[in-house]
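See structure below.
The values are calculated or read from the model by the stated rules, or taken from the named source; none is laboratory data. A quick note: this is a predicted structure, and the numbers were derived from the prediction, not measured. As a convention, Cβ positions derive from the backbone with ideal geometry for all residues, glycine included, and neighbour counts pool all protein chains shown.
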Amino acid sequence: MVTLLKSAEPVAASYIPNDTRRSLVGLSREQLTEILGEVGVPEKQRRMRMRQLWHWIYNRGYTEFSRMTDISKDMQRKLDEMFVIGRPEVVTEQISSDGTRKWLLRLAPDERGQRHEIETVYIPEEDRGTLCISSQVGCTLTCTFCHTGTQKLVRNLTAGEIAGQIMLARDKIKDWPADLEANPQPPSSGRYVTNVVLMGMGEPLYNFDNVKGAIDIASDGEGLSLSKRRITLSTSGVVPEIVRAGDEIGSSLAISLHGTTDEVRNKLVPLNKKYPIKELLEACRNYPGSSNARRITFEYVMLKGVNDTKEDAKRLVQLLKGIPAKVNLIPFNPWPGTAYECSEWDVIEAFAEILNNAGYASPVRTPRGRDIMAACGQLKSESQKVRASERTKAEASL
Ligand code: SAH
Ligand code: SF4
């Protein structure tokens with residue numbers, strides 16, 4: 001059984017043992033304003049102080065109150081007594097031969113004192129740097145070709161833990177304003193992390209509020225400053241939440257389609273039984289803000305003998321009619337124990353050609369970071385290896 005543990009909010013501060021200070025990362029502007037009352041900031045000054053803190057935390061990337069020069073020493077001390085500006089702890093950092101970096105991150109203890117692990121991946125390209133972040137520990141869905149889907153233990157990440165992955169990546173890549181002076185060769189747009197995709201572990205639309213909170217923070221112009229166009233939320237097709245995401249989040253959208261008939265998609269993405277292809281595509285047609293300049297991405301994993309025929313490609317073209325779409329063909333990334341295989345290269349090329357001829361840009365996503373198990377669908381943190389007894393205990397006490 002897949003278990004969704006309740007997320008701990010507010011999450012404990014950091015990984016200093018027994019440190020119970022709360023992290024400020026992940027609070028909205030309103031929450032941060034309110035919390036300043038706890039350290040005695042008079043109501044009239046709170047918004048101004050909040051703006052100062054926001055700048056240091058999200059624009060500069062500072063983690064120490066003592067460096068915040070426009071905040072009085074007395075206030076710095078009070079803040080430090082009660083709060084931290086937390087980051088997940090880096091357990092391991094792996095760098096692939098192609099420059100892809102993968103971090104295994106350990107989160108601060110949740111309400112049960114458990115410290116889960118997630119993975120975050122950075123993919124550098126010439127003109128951009130894409131950070132692939134996780135939204136849950138594991139996933140409650142069970143797509144049969146996905147490694148994450150086999151991970152049982154699940155909890156939602158908090159907004160701070162989601163946004164914290166971007167901040168941690170900026171720390172590690174040296175991508176904060178002050179670092180950039182000493183590390184001056186980012187991709188063309190001036191930063192190392194230029195794009196964020198929620199394509200790591202988890203189904204972001206099953207953690208709606210925290211994902212929304214994190215995207216609001218990531219896209220705040222006075223903070224992390226990533227435009228919502230450059231933040232892509234990938235979903236396996238939670239139709240009602242796609243409609244909500246269009247209204248309330250406004251990021252770019254990617255749909256994990258993977259099949260062109262309900263029969264095949266039911267097997268690959270079991271959620272299709274609840275929200276079949278027709279309903280899913282209707283939600284895409286109505287997704288606000290999509291246009292030829294801002295297309296919806298359809299992800300399609302190429303599985304040998306399962307969904308890779310020319311008929312599939314032609315059906316896909318029919319299905320996408322009327323939707324400003326691009327297709328990402330993803331060569332299947334194998335993982336230990338899977339029965340699926342990746343389609344042959346010439347089959348993938350023939351599939352792509354049919355799409356291209358029909359006017360759909362359909363780049364084949366070159367697998368990145370395969371040597372460090374950082375490619376799509378290979379993510380599965382060590383937390384799955386929590387001893388079975390511990391897991392049973394956690395489930396029993398729910
Ligand atoms: N849960 C969300 C986002 C995370 S999965 C979703 O399903 O969209 C990110 C992408 O990787 C999805 O398109 C997913 O279908 C794909 N994927 C999963 N396992 C894969 C594998 N083994 N090889 C290639 N792509 C995979
Ligand atoms: Fe979950 Fe996405 Fe993997 Fe499906 S593909 S199991 S929704 S992470």
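What to note about this one:
- Among residues of the range 145-159 that are without any contact (Cβ under 8 Å) to a residue 60 or more places away in the chain and in the same structural domain as Met199 (by TED's automatic domain parsing), none has a beta-carbon under 6 Å from a residue that is more than 8 Å from ligand 2 (Cβ to nearest atom) and of a type in the set (Ser, Thr, Tyr) at least six positions away or on a different chain.
- Filter result for Glu248 (within 13 Å of ligand 2 (Cβ to nearest atom), more than 30 Å from Gly305 (Cα to Cα) and not β-branched (Val, Ile, Thr)): no
- Scanning the range 201-211 for residues that are surrounded by fewer than 21 Cβ atoms within 10 Å (Cβ to Cβ) and under 13 Å from the mean Cα position of the chain (by Cα) returns Tyr206, Phe208.
- The helices (runs of 4 or more DSSP H) found wholly in the range 183-285 and carrying at least 1 residues that are closer than 24 Å to Thr158 by Cβ occupy 208-218, 239-248.
- Filter result (of a type outside the set (S, T, N, Q) and outside any helix (DSSP H, G or I)) within the range 47-68: Gly61, Tyr62, Glu64, Met68
- Residues that are within 16 Å of ligand 1 (Cβ to nearest atom) and either modelled with pLDDT of 95 or more or not in a strand (DSSP E or B) (or both) within the range 97-119 comprise just one, Thr100.
- The residues of the range 118-134 that are surrounded by fewer than 24 Cβ atoms within 10 Å (Cβ to Cβ) and either free of Cβ contacts under 8 Å to residues at least 12 places away in the same chain or not β-branched (Val, Ile, Thr) (or both), listed by number, are Pro124, Glu125, Glu126, Asp127, Arg128, Gly129.
- Residue check for Leu198: closer than 30 Å to Lys304 by Cβ and not small (Gly, Ala, Ser): yes
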